[in-house]
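Structure, as structure tokens:
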Amino acid sequence: MNKNIEIIQPDDWHVHFREGDMLEMVTNFSSRINKRCVAMPNTEIPITDTNKASSYKELLERASNNNFIPLIPCYLNENLDLEDFRTGIQNKVFFGSKLYPSNATTNSSHGVSDISKIFKFLEILEEEKSPLLIHGEKVADNIDIFDREKYFIDDELSFIRKKFPLLKITLEHVSTSYGVNYVKENENIAGTITPHHMLLTKKDVFLDDAINPHHFCMPVVKNETDLIALRNAACYNNSKFFLGTDSAPHPIQEKKPDLSSKPGIFSSPCSIELYAEIFDEENAIDNLEIFCSINGPKHYNYPINDTKIKLEKKEWFMSEFSSYKDIQVKNFYANKKINWKVAY
Ligand code: NCD
Ligand code: ZN
């Protein structure tokens, strides 16, 4: 049955645009749909000061459609210049700040290894009502890769929230039912949910004697019970969860069938369509707009967009690769059928 829906134009509150040719290739996939995107600051040289943030913003504006608004968090690190950080937050050069625990994911080696060393920055965020975006995984030799989110919540996030009760927090790419419950039960915290965490389980990544690198991301996808909890959180009675694709392209040669592969799933060529498909499967298509276009701006105190997009229910197949110059990236959902399509 053909069916069309119209929703307020979405925003993607978590996406990786990279730099150089990759940036030129991927930015339009997001700006074709979204009015605003949070452009994550884990570039090769991370965005740690206002100069870098301003020039990165310009690059993104140049590579995208008209009227597209990139929002750039500051990459937190204990050595940031405090006054530059304060100015960047006060003047909204930075869209809040992003906490990467060191070595938790791609380009996080400059991240934070001791939370107490960044308290002076969190104080400023709390004072200025500016958000802290968190990659919520605790990395340690004795912590299983599937338990990193839970340990982060119990050991680090609870501590941060106790010390800075008014700080507005986003737990990015929530991946477990434990994380869903934590966000639901606590104040001043919301969560983004990716399409892939609602479509894949660890069986899609960890094969008998290899991994599927195109399904490998951080946090890794988990169990069926987690997938169901995430779908429920996104689709029903939802005011605390919103769209953040974590679309994270890597050149094909960086993808290897073992854990040395770069983590990250490139979904922006079909992410809005996959969200529509998931909501439709859950009989919750009427709630798609709340998740994609309303909960995010409400959490961040931004205006809700005044433009709309249309989605049609019609079958199409995702192409296998996105290519530009000498870059090739494998698309998420490559060669698979998708039942919704943005109508231009
Ligand atoms: C992201 C990347 O490649 O930059 N990778 C990922 O697996 N999600 C970083 C991140 O958000 O963790
Ligand atoms: Zn990410």
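The values are calculated or read from the model by the stated rules, or taken from the named source; none is laboratory data. Owing to the predicted nature of the structure, the values given are computational and were not obtained by experimental measurement. Backbone-built Cβ (ideal geometry, glycine too); neighbour counts: all protein chains shown. These accessible areas exclude ligands, DNA and RNA; they are computed on the full protein's heavy atoms, side chains included. Shrake-Rupley method; radii C 1.70, N 1.55, O 1.52, S 1.80 Å.
Of the residues in segment 188-205, at least one is assigned to a loop (DSSP other than H, G, I, E, B), within 14 Å of PHE279 (Cα to Cα) and within 15 Å of ligand 2 (Cβ to nearest atom).
For residues that are closer than 23 Å to TRP13 by Cα and open to solvent by 40 Å² or more (accessible area, probe 1.4 Å), scanning just segment 79-108, find the one that is nearest to ligand 1 (Cβ to nearest atom).
Looking only at segment 79-108, we keep the residues that are closer than 23 Å to TRP13 by Cα, and these are 85-108.
Narrowing the set further to residues that are open to solvent by 40 Å² or more (accessible area, probe 1.4 Å) leaves 86-87, 90-93, 103, 107.
Numbers: ARG86: 26, THR87: 26, GLN90: 26, ASN91: 26, LYS92: 23, VAL93: 22, ASN103: 11, ASN107: 6 Å.
Here the residue is ASN107.
Answer yes or no: is there a residue in segment 217-239 that is within 16 Å of ligand 2 (Cβ to nearest atom) and on the phi > 0 side of the Ramachandran plot. No: segment 217-239 contains no residue that is within 16 Å of ligand 2 (Cβ to nearest atom) and on the phi > 0 side of the Ramachandran plot. From the list ASP114, ASP154, the lone residue that is more than 30 Å from LEU199 (Cβ to Cβ) and open to solvent by 10 Å² or more (accessible area, probe 1.4 Å) is ASP114.
Take the residues of segment 40-77 that are in a loop (DSSP other than H, G, I, E, B) and of a type in the set (A, V, I, L, M): which is most open to solvent (accessible area, probe 1.4 Å)?
Step one: list which residues in segment 40-77 are in a loop (DSSP other than H, G, I, E, B), which gives 40-49, 64-68, 72-73, 76-77.
When the remaining residues are screened for being of a type in the set (A, V, I, L, M), the result is 40, 45, 47, 72, 76.
Working: MET40: 3, ILE45: 113, ILE47: 7, ILE72: 4, LEU76: 0 Å².
Here the answer is ILE45.
Note on segment 3-18: among residues that are assigned to a loop (DSSP other than H, G, I, E, B) and within 15 Å of ligand 2 (Cβ to nearest atom), the one that is nearest to GLY191 (Cα to Cα) is HIS16. No other residue among PRO251, PRO269, PRO257 is in contact (Cβ under 8 Å) with a residue 60 or more places away in the chain and surrounded by fewer than 17 Cβ atoms within 10 Å (Cβ to Cβ) apart from PRO251. Answer with yes or no whether ASP209 is within 16 Å of ligand 1 (Cβ to nearest atom) and open to solvent by 20 Å² or more (accessible area, probe 1.4 Å). Against the criterion (within 16 Å of ligand 1 (Cβ to nearest atom) and open to solvent by 20 Å² or more (accessible area, probe 1.4 Å)), ASP209 does not qualify. Tell me yes or no: at least one residue of segment 156-166 is out of contact with any helix residue (DSSP H, G or I) (no Cβ under 9 Å at 6 or more places or on another chain), acidic (Asp, Glu) and either within 14 Å of ligand 1 (Cβ to nearest atom) or more than 24 Å from ALA234 (Cβ to Cβ) (or both). Scanning segment 156-166, I find no residue that is out of contact with any helix residue (DSSP H, G or I) (no Cβ under 9 Å at 6 or more places or on another chain), acidic (Asp, Glu) and either within 14 Å of ligand 1 (Cβ to nearest atom) or more than 24 Å from ALA234 (Cβ to Cβ) (or both), so the answer is no. Open to solvent by 70 Å² or more (accessible area, probe 1.4 Å) and within 18 Å of the chain's Cα centre (by Cα) - does that describe any residue in segment 296-303? Yes.
All conditions in (1) surrounded by fewer than 16 Cβ atoms within 10 Å (Cβ to Cβ); (2) among the polar types (S, T, N, Q); (3) more than 24 Å from ILE8 (Cα to Cα) hold for THR307, with the sole exception of (3). Note on segment 78-92: residues that are within 19 Å of THR170 (Cα to Cα) and part of a loop (DSSP other than H, G, I, E, B) amount to 1.
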